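Here's the structure, in structure tokens; my notes come after.
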Amino acid sequence: MTNLALYREYRPQNFDEVIGQDHIKKTLINQIKNNSLSHAYLFCGTRGIGKTSTARLFAKAINCENNTDGSACGKCKSCLSFNNSQNLDILEIDAASNNRVDEIRDLRDKVKYPPVNGKYKVYIIDEVHMLTDSAYNALLKTLEEPPSHAIFILCTTEVHKLPKTILSRCMRFDFKLVSNKDLEKLLIKIFNDKNISYDEESVHLIASRGEGSVRDTLSIADLCVSFCDKKLTYAGCLQALGSSSQESLNEIADSLINNDGEKLLISLNNVANEGKNFTIFTKELINYFKSLLTIKTVKNAQKFLMIPDDIYSALEFRSNSFSSIELLSFMTKLTSIETQLKFSVNPKTLVEITLLDILCEKKKNI
């Protein structure tokens, strides 16, 4: 049997397992307990933070025969059929591939039929922003006068693309990015469950690279676990993620410290020869200078940054050669070219010009 990806294996099975969305869970559970359900919901937010998973759990809970305090029992006929993907009353539609008006009209014709086993017929429409204008118009009619047994849950990552006529007929829930702390707790639980060895620094690195997305975090964890053969280390995770070596970043910093333009260009040539994407490299360089600034301005910076002792010592040594104002200037200049890099024909040259500009500015202030 094919090994399941972590984000599939650890998909939430009940509301308690949905992390970082307490404000939404509480509202939905209270609606179930008080039998005050709306006919249409809109779940919006960035990718991988639990919109579709929450929609499924909500659909499962409102059709559960033995619902307790808003949560599905997981044992009744409705719950078991849902777990086996055989529940005929909970229908998922991918609007990205079913976005034509004919498909929405077909849904509108079928929505009048009552549920087979449960109390409600639930339609989960994922990526709803992909519908065509005519499909929106067809859906609007259904949302205006839905039968009492029908509930719609619309999920989208681009809520600004939805017509106001659709938005005004839905109860809207904005899902937020999940905190690093919550992501780290989830990773530690999974690694302990699967007997994977890890250190705090590697867990922190994986969680921070997930950037608030549970799915992205678990996909990154999958990659790192495979690369490190279930023995996660900070250095191993950096390699797995294709990050620039700490030496490369230190060389750039040293060339600025020593006002050495030649060394700066040689270091950038080495980065190019390694096949490094300069958009990603610039982001790493910004984070590098941010770490230096953190060391200069934050007490217990190592605990805050969560990096190994040897790397921290190297950063601390270099941070003493820059002022806080200089580091802020470096980050500002590099951040200003991030958008340009995505469309640049020669991103290496753009990074070279920016770093040489930083070097010239630094020399001017000596």
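Order these peptides, 178-190, 335-347, 52-64, by their mean beta-carbon neighbour count within 10 angstrom, highest first.
Those peptides, ordered most packed to least, come out 52-64, 178-190, 335-347.
Which aspartates and glutamates does residue 141 reach when only Cα atoms under 18 Å apart count, and residues fewer than 8 places away in its own chain are ignored?
102, 103, 106, 109, 133
Under a straight-distance cross-link criterion of Cα-Cα below 27 Å, which lysines are reachable from residue 363, leaving out those fewer than 8 residues away in the same chain?
Within the straight-line limit of under 27 Å, residue 363 reaches these lysines: 263, 283, 290, 296, 333, 348.
Can you list the residues, at least 5 places off or on another chain, whose amide H is less than 5 Å from the amide H of residue 172, using H built in the peptide plane?
Correct list: 42.
Any idea what diffusion coefficient the range 72-155 gets from Stokes-Einstein, in µm²/s, Kirkwood Rh on alpha carbon pairs, 37 °C, 0.692 mPa s?
The estimated diffusion coefficient comes to 245 µm²/s.
Starting from the alpha-carbon convex hull of the range 212-366, give the projected area averaged over all orientations, in nm². Write down the numbers at each step before the final one.
Values: hull surface 40.2 nm².
Convex hull of Cα atoms, orientation-averaged projection: 10.0 nm².
Along the range 246-263, what does the Karplus equation 6.51 cos²θ - 1.76 cosθ + 1.60 (θ = phi - 60°) give for ³J(HN,Hα), rounded to whole Hz, x for Gly and Pro?
Going residue by residue, I get 4, 4, 4, 5, 4, 5, 4, 4, 5, 5, 6, 4, 8, 6, 10, x, 5, 5 Hz, with x marking Gly and Pro.
So which lysines can residue 60 reach, going by Cα to Cα under 18 Å and dropping same-chain residues fewer than 8 places off?
Partners within reach: 25, 26, 33, 51, 75, 77, 119, 121.
Dividing the alpha-carbon radius of gyration of the range 20-62 by 2.2 N^0.38 Å (N being the number of residues), what value is obtained? Walk me through the numbers on the way to the answer.
On the way: Rg = 10.4 Å, N = 43, 2.2 N^0.38 = 9.2 Å.
Taking the Cα Rg and dividing by 2.2 N^0.38 Å, one obtains 1.13.
Using θ = phi - 60° and the Karplus form 6.51 cos²θ - 1.76 cosθ + 1.60, what ³J(HN,Hα) does each residue of the range 276-287 get, whole Hz, x for Gly and Pro?
Each residue of the range 276-287 in turn: 6, 6, 6, 5, 5, 4, 4, 4, 5, 5, 4, 5 Hz.
What FRET efficiency would be calculated for the residue pair residue 309, residue 239, taking the C-beta separation as r and a Förster radius of 25 Å, to the nearest 0.05?
0.85
For the range 5-129, what size does the Cα cloud have along each of its three principal axes, sorted from largest down, in whole Å?
Dimensions of the range 5-129 along the principal axes of its Cα atoms: 39, 32, 29 Å.
Rounded to the nearest 500, what is the 222 nm mean residue ellipticity of the chain from helices alone, with -39500 (n - 2.57) per DSSP H run of 4+ residues and division by all residues?
After summing the helix terms and dividing by residue count, I get -17000 deg cm²/dmol.
When Cα Rg over 2.2 N^0.38 Å is calculated directly from the model, which label among (1) 1.06; (2) 1.84; (3) 1.23 fits?
Identified label for the calculated read-out: (3).
Considering only protein heavy atoms and a 1.4 Å probe, what is the carbon-and-sulfur percentage of the accessible area of the range 81-137?
Working: 1440 of 3240 Å².
After summing per-atom areas, the C and S share lands at 44 percent.
What does the accessible area per residue of the range 250-366 come to in Å², with a 1.4 Å probe and no ligands, DNA or RNA counted?
Accessible area per residue, the range 250-366: 55 Å².
The values are calculated or read from the model by the stated rules, or taken from the named source; none is laboratory data. Source: prediction; values computed, not measured. Neighbour counts run over all protein chains shown; Cβ positions are idealised from the backbone, glycine included. These accessible areas exclude ligands, DNA and RNA; they are computed on the full protein's heavy atoms, side chains included. Shrake-Rupley method; radii C 1.70, N 1.55, O 1.52, S 1.80 Å.
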